[in-house]
1. Could you please give the count of residues in segment 306-326 that are modelled with pLDDT under 95, surrounded by 16 or more Cβ atoms within 10 Å (Cβ to Cβ) and small (Gly, Ala, Ser)?
2. Find all pairs meeting these conditions: Cβ atoms under 7 angstrom apart; at least six residues apart or on different chains; first residue within segment 360-387 and more than 15 Å from residue 348 (Cα to Cα); second residue assigned to a strand (DSSP E or B).
3. Only residues that are part of a loop (DSSP other than H, G, I, E, B) and touching a helix residue (DSSP H, G or I) at 6+ places or on another chain (Cβ under 6 Å): list them for segment 21-33, please.
4. For segment 210-248, name all the residues that are free of Cβ contacts under 8 Å to residues at least 24 places away in the same chain and under 28 Å from residue 137 (Cβ atoms).
5. State the number of residues belonging to segment 124-147 that are open to solvent by less than 10 Å² (accessible area, probe 1.4 Å) and of a type in the set (Ser, Thr, Tyr).
6. Please state which of the following conditions residue 254 fails to meet, knowing it meets all the rest: (1) in contact with a Leu (Cβ under 7 Å, 6 or more places away or on another chain); (2) within 20 Å of residue 373 (Cα to Cα); (3) open to solvent by 20 Å² or more (accessible area, probe 1.4 Å).
7. May I ask you to list the residues in segment 190-206 that are part of a helix (DSSP H, G or I), without any contact (Cβ under 8 Å) to a residue 40 or more places away in the chain and either of a type in the set (A, V, I, L, M) or over 20 Å from residue 134 (Cβ atoms) (or both)?
8. Please determine whether any residue of segment 337-349 is over 27 Å from residue 384 (Cα atoms), surrounded by fewer than 16 Cβ atoms within 10 Å (Cβ to Cβ) and touching a residue at least 24 places away in the same chain (Cβ under 8 Å).
Amino acid sequence: MALLGCGNVGTEVVRLLHEQADDLAARIGEPLELAGIAVRRPDKDRGDLPVRRELFTADAQALVSRADVDIVVELVGGIEPARTWITTAMAGGKSVVTGNKALLAEDGGTLHDAAAVAGVDLYYEASVAAAIPLLRPLRESLHGDRITKVMGIVNGTTNFILSRMTETGATFAEALDEAGDLGYAEADPTADIEGFDAASKAAILAGLAFHTRVGAAHVYREGITEVSASDVASAEQMGCVVKLLCIATREGDDVTVRVHPAMIPKSHPLAGVNGAYNAVFVEAEAAGRLMFYGAGAGGAPTASAVLGDIVAVARNRRSGARAASESTYADLAVRPMGDVTTRYHISLDVEDEAGVLAAAAQVFADHDVSIQTVRQDGRDDDALLVVVTHQATDAALAATVDELAKLPAVRQVASVMRVEGG
């Protein structure tokens, strides 16, 4: 096998290949041998990594083209040159294991088509939720069922930040700094805190669950940068917590795929998933509700998923078998977010005067948005008006919020957040 990339995950893959060599050989039927490792700096000191220095190369394209390589493991990430390396490997008859969520969400169709043409395997368990066995159950174990919903926490960085805001009352900036100090946040955390990472994973999950090609462009995305300490406090008053959720649902011949922060009741299983852990809730017609929970990030947990895929691919190659190919027969339409119905929590800073509640209620009524609960707390000449709606479309709620902001007694729309899970 050839390994592309030797960062945190690649290093752990090499270590596990060495430490578990005998067990892996027994499971596969013959040993795994590293033919080469492509890195940017082949001469870099890699400490006590158990591999011969001469296996390192800067020429990934040449490595994946070698005739003596059966399996290529891509752990570099990004779109290019990873896509070229993977398609080159497949064209040469090599099966591929990857953890590249961005590429799979951006152009997974190209990879699946290349695998089908070449008659090779494409495995990517490590692309979503690291060590948690999730994609294979969706792709294989639940193929006899109809999945109707997938909802989960799939980004450890944002979950850590929101957990700390809930536990300590910290602001977003303070919790982000702590996540960086502990190594949970990258130097540039944009992909995590703006929801891009979770959106890529949502696209992969939705594609597998609903037998439809879903790309990153189909996923509605909001990050957590606008979540405030007051939002977290409001959630507490409602018996809820705030989480960044990945949600994919099937309704008839349509699917919806979205990533955004939301309040969920403390009684919901996802509410207790804290720190850098991940969990995904799956609902299916026959199986009912299933929950997958575990370490969703980190070198060793992700390497565990990679090794599981390597064993499966190697066993298939020895037996002349192939894994189940991509399933896109349903080809369902992705519903625009403006047509998606959800519940909302809206906080308004208003003048503490008579008629404010009536004026706000009329705006909701004008846009056919029904109110579930309302609370008004006065503070001298200020007041906080909190409204929780019943189901409303995103478009209707947006129009409602715009009009609320124009009311003379409304000083500002303090926050708008969706409510899920109950």
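1. Final tally of qualifying residues: 1.
2. 369/389; 369/392; 370/389; 372/388; 372/389
3. Once the filter is applied, which keeps residues that are part of a loop (DSSP other than H, G, I, E, B) and touching a helix residue (DSSP H, G or I) at 6+ places or on another chain (Cβ under 6 Å), segment 21-33 yields 29, 31, 32.
4. 217
5. Within segment 124-147, residues that are open to solvent by less than 10 Å² (accessible area, probe 1.4 Å) and of a type in the set (Ser, Thr, Tyr) number 1.
6. In the conditions (1) in contact with a Leu (Cβ under 7 Å, 6 or more places away or on another chain); (2) within 20 Å of residue 373 (Cα to Cα); (3) open to solvent by 20 Å² or more (accessible area, probe 1.4 Å), residue 254 misses (2) alone.
7. Those that are part of a helix (DSSP H, G or I), without any contact (Cβ under 8 Å) to a residue 40 or more places away in the chain and either of a type in the set (A, V, I, L, M) or over 20 Å from residue 134 (Cβ atoms) (or both): 190, 191, 193.
8. So the first thing to find is which residues in segment 337-349 are over 27 Å from residue 384 (Cα atoms), and the list is 337-340.
If we keep only those that are surrounded by fewer than 16 Cβ atoms within 10 Å (Cβ to Cβ) as well, we get 338-339.
In the following step, the residues that additionally are touching a residue at least 24 places away in the same chain (Cβ under 8 Å) were identified as 338-339.
Yes, the conditions are met somewhere in segment 337-349.
The values are calculated or read from the model by the stated rules, or taken from the named source; none is laboratory data. Model, not experiment: these values are computed from the prediction. Because the Cβ atoms are built from the backbone with ideal geometry, glycine has one as well, and the counts that use them run over all protein chains shown. Protein only, heavy atoms only, side chains kept; ligands, DNA and RNA dropped before computing areas. Shrake-Rupley method; radii C 1.70, N 1.55, O 1.52, S 1.80 Å.
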